[in-house]
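Everything on this sheet refers to the single structure shown next.
The values are calculated or read from the model by the stated rules, or taken from the named source; none is laboratory data. Everything numeric in this text was worked out from a predicted model, so none of it was measured. Here Cβ is always computed from backbone atoms with ideal geometry, including for glycine, and neighbour counts include all displayed protein chains. Side chains are part of the model used for accessible areas, which takes the heavy atoms of the whole protein and leaves out ligands, DNA and RNA. Shrake-Rupley method; radii C 1.70, N 1.55, O 1.52, S 1.80 Å.
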Amino acid sequence: MKILLSEIEHHIPADVLEEAQELVNITQEYSINQVEEGYYHCISRQPDYHVEITLKKDGVAIPKCQCTVFKRAKTCKHAIAGLLLLRDHIQRNNRSRKKSLDQQVIQEVLKKLNVTELRTFLSAYSQSHSTFRAELLANYLHLIRNPNYHSLYMDIAPLDKYGQVRLNRNSIKTVRGVTTTLLKQAQQLLKDHALSETLQILEAVILHVHRLYMKLPQFHEQLMVEMRLAYKLFESLCSQQMAPRLQIRAINLAMEICAREGYIFPSGMRPLIAVTEPFLLEEKSRRSAFALAEKKIKTSHPQHISWAALLYRWTRLWSLLVANTLTKQLEKLLPAAITESSQQNQYDDVIYLVNRLKPEQHSDAVNKSSLLAGLKSARMLGDQEMMINIAYRLSLNHLDTDALGLLEEKDPSKAERILAIVSDLYQPGSDQAADELLLSGWRLRGDGRAIIERLKSMGKMESLMEFDFMLKDKFRKELEEAYAGYIITVRETYGGANARQRLNTIFAHLKSIDIFQPVVMKIKEMENVKRDEPATSRDIIKGFVFDLDGVIVDTAVHHFSAWRKIMRELGVDIKASDDEHTRGTGRMESLQYLLDE
C-alpha cells in the first residue's frame, strides 16, 4: 500500500476513511518515534495497535501493520489511522520549527540594529499606525515626566462634531486593550507605592471609561469589565496613606463622576464617592456628598438602594439630617438598605438601620430578613446585648428556632419566657412553626415532660421517635407510658393491615432503643386497669336514638307514592305539584287536601 501523505482523503474510500478517523478519535495513549531518516513507528497503547511507516522524500508513505486484516488485504484501519497521526505530527513540528526560526531571525536582526535606528523605525511606524501608537504609549507613557493619558484616550476614541463617539467592534478592542494595559501599569505603580502616578492613570481611565459607557450602550458589558478593575484599584489606592493634595484629587474625581446623570457603578461595589469617605473631613465636603446622595434618591436612580444605604450611613457617621421630602421614601427603602449594607459587610450600619426599622410598616417576611441580617451583624461585632435583643424579637415574633437556640445560650431566662408565651398563645397543632419552636426549645432545656405532653395534645405521637433518645434516660417512665398509650390508641383507631404496619414500625423502633419489653408490660398493666374499672366510671352505651324520617331515610317520596296509589284506586290521578302540599303535613290534612282537589 503506497499513498501520498498529503492527499490521504483523495485515495481512500469514504467508509474506510471514516472508520480510521473514528479510531484516531479514540486513540488516547500513543507515540510516534522516528527510528531513522524516513522511517517511523506509530505505537498506540489504548487501543493497542502498531504501524510501521516508511516516508519517502517525495511524500509517498508506505505503511505496514501486523494485524490479520492488513496481511490479507494489504490495508486496514490501523494503517490509515497511523498515516493520519503521522501527518498531524509532522505538521505540528513544522509549525513550531517555523516559529522558532522566526524568533531567531528577529533576534538576529535586533542585534544588528543600533538604538538610533530602532528608535527611528519605531517613531515612523507609530506615526502611521494608530493602534501600534496607542499600545506603545499605554505601555511606556508613564516613563515621561508629565504623561497626558487624556490625549491618549481622545486619540483612540475621539468625539465627532456632534459630540458622539464612533467606535466599532474592532476599535473597541483597541480601547479595551489600552485600558487594560494602563490598569496593569497602575497596579504595578501602586505596588511600588507611586501613589501620585497611580492616581494620574486612574483619573484618565475612570473618566473616559464612564464617558464611553454612557455614549456606547452596545458595549456596556465589555466596558464594565475594565470599570470594575479600575474601581478595585481606586479602592486600594484610597486605603493607602495619601497626601492631602492627592486626597483632594480623589474627592474631586469621585464627585465629578458621581454627579453625572447617567452614572452607574459596577454591581456589588460602592459608589465612587463612598470610596473617598475617609477623606471627607470638612463640613463643606460632607454636605456636598450628602446632597449628591439625596439627589440620586430624588431622581429615582437605578441603583437608588445603594445610595439610600450610603445616605443612612452618613446620617449615622456625620449626624446630618435628611430632607423632609425624602423621609417617607427612605423609610420604604430601609429593609433593602439593610440587605445592601449587610452584603457590603457594613455591620455597624446594619445595626443602626435595624434599630430604626418600624415593623408595622413592613411585612413579616421583610421584618424577619432584616432581623436576621441584624443578628448576623451583631455576631460579627460581638455585641452581646444586641444579639439577645434581636434573637428575642425573632423568637417571639417570627418563631425562629435558631434565634431561640442562641437566646438559650446567651440568656436562658428570656428563652424560658419565650417558651411560656408561645405555649400560651398557640394551641397544640394550631401552628406548625410554633410547635417546632416549642419542641426545639424544650429539647435544648431537657424538658422531656413538656415534649411528651405537647405531642399528645397535638395528636402526633409518631413524632416521639425523634426525641426518645433524649428522653429514655431521664424520663424513661413517662416515655414508656406515652408509647403504651400510643400503641393502644393505634389498635383502637385502625384495623387490619394499616394497624399491623404502624405497630410493626413502632415495635421495631422500641427494640432498637431497648424499651420494647417494658412498654409491652405497661400495655398489659393499662389494659388490666381499664378492665377492672367500676362500671360507673367507664363510658357505657345506654341506648340508641334513630331518627329515620328525613334524616337516615328520605320517606317523603314513599308517602307521595302511597297517596298516588290510593287516589288512583278512587279514579283520580294526582300531579307531582300536589306533593308540595302533602309533604310535612299530617295524614288527615293531606287526605282532605287531595279530596278537595
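Looking only at region 462-489, count every residue that is open to solvent by less than 70 Å² (accessible area, probe 1.4 Å), farther than 17 Å from GLU525 by Cβ, assigned to a helix (DSSP H, G or I) and modelled with pLDDT of 85 or more and tell me the total.
Count: 4.
When region 495-513 is examined, which residues are found to be outside any helix (DSSP H, G or I) and either hydrophobic (A, V, I, L, M, F, W, C) or surrounded by 17 or more Cβ atoms within 10 Å (Cβ to Cβ) (or both)?
ILE513
Looking at region 456-491 only, could you name the residues that are within 42 Å of the chain's Cα centre (by Cα) and more than 18 Å from LEU503 (Cβ to Cβ)?
Passing the criteria: LYS456, SER457, MET458, GLU466, PHE467, PHE469, MET470, LEU471, LYS472.
Kindly establish whether ALA450 is part of a helix (DSSP H, G or I) and over 28 Å from ARG379 (Cβ atoms).
Here the answer is yes, as ALA450 does meet what is asked.
For region 266-282, check the following and say yes or no: at least one residue is closer than 24 Å to LEU216 by Cβ, surrounded by 16 or more Cβ atoms within 10 Å (Cβ to Cβ) and hydroxyl-bearing (Ser, Thr, Tyr).
No, region 266-282 contains no residue that is closer than 24 Å to LEU216 by Cβ, surrounded by 16 or more Cβ atoms within 10 Å (Cβ to Cβ) and hydroxyl-bearing (Ser, Thr, Tyr).
Among (1) of a type outside the set (Asp, Glu); (2) outside any helix (DSSP H, G or I); (3) over 35 Å from the mean Cα position of the chain (by Cα); (4) more than 30 Å from MET521 (Cβ to Cβ), there is one condition SER413 misses while meeting the rest; what is its number?
Condition not satisfied by SER413: (2).
Out of curiosity, is ALA81 under 30 Å from ASP48 (Cα atoms), at pLDDT 85 or above and not acidic (Asp, Glu)?
In short, yes.
For region 96-121, give me the residue count where each residue is at pLDDT 75 or above and either of a type in the set (Val, Ile, Thr) or in contact with a Leu (Cβ under 9 Å, 6 or more places away or on another chain) (or both).
4
Does region 200-236 hold any residues that are within 17 Å of ARG145 (Cα to Cα) and out of contact with any helix residue (DSSP H, G or I) (no Cβ under 6 Å at 6 or more places or on another chain), and which are they?
The answer is GLN200, and nothing else.
Does MET380 count as surrounded by fewer than 20 Cβ atoms within 10 Å (Cβ to Cβ), among the aliphatic types (A, V, I, L, M), touching a residue at least 12 places away in the same chain (Cβ under 8 Å) and not in a loop (DSSP other than H, G, I, E, B)?
yes
Output yes when any residue across region 131-140 is open to solvent by 60 Å² or more (accessible area, probe 1.4 Å), at pLDDT 85 or above and part of a loop (DSSP other than H, G, I, E, B), and no when none is.
No, every residue in region 131-140 fails to be open to solvent by 60 Å² or more (accessible area, probe 1.4 Å), at pLDDT 85 or above and part of a loop (DSSP other than H, G, I, E, B).
Condition first: without any contact (Cβ under 8 Å) to a residue 12 or more places away in the chain, in a helix (DSSP H, G or I) and either crowded, with 21+ Cβ neighbours inside 10 Å or of a type in the set (A, V, I, L, M, F, W, C) (or both). Now tell me which residues in region 71-89 satisfy that.
Result: ALA73, single match.
Among the candidates LEU311, LEU334, LEU317, single out the residue that is open to solvent by less than 30 Å² (accessible area, probe 1.4 Å), aliphatic (A, V, I, L, M) and touching an Asp or Glu at 6+ places or on another chain (Cβ under 9 Å).
LEU311
So which residues in region 7-33 are within 19 Å of ASN93 (Cβ to Cβ), out of contact with any Pro (no Cβ under 9 Å at 6 or more places or on another chain) and surrounded by 13 or more Cβ atoms within 10 Å (Cβ to Cβ)?
ILE8, VAL24, TYR30, ILE32
Take GLU492 and tell me if it is under 18 Å from LYS456 (Cα atoms) and surrounded by fewer than 16 Cβ atoms within 10 Å (Cβ to Cβ).
Spelling it out, GLU492 is indeed under 18 Å from LYS456 (Cα atoms) and surrounded by fewer than 16 Cβ atoms within 10 Å (Cβ to Cβ).
What about ASP348, is it surrounded by fewer than 16 Cβ atoms within 10 Å (Cβ to Cβ), under 22 Å from PRO271 (Cα atoms), in contact (Cβ under 8 Å) with a residue 24 or more places away in the chain and not polar (S, T, N, Q)?
Yes; evaluated as a whole, the condition is true for this residue.
Got a sec? Which of ASP364, ASP400, ASP348 is out of contact with any strand residue (DSSP E or B) (no Cβ under 8 Å at 6 or more places or on another chain), farther than 30 Å from LYS298 by Cα and charged (D, E, K, R)?
Residue meeting the stated conditions: ASP400.
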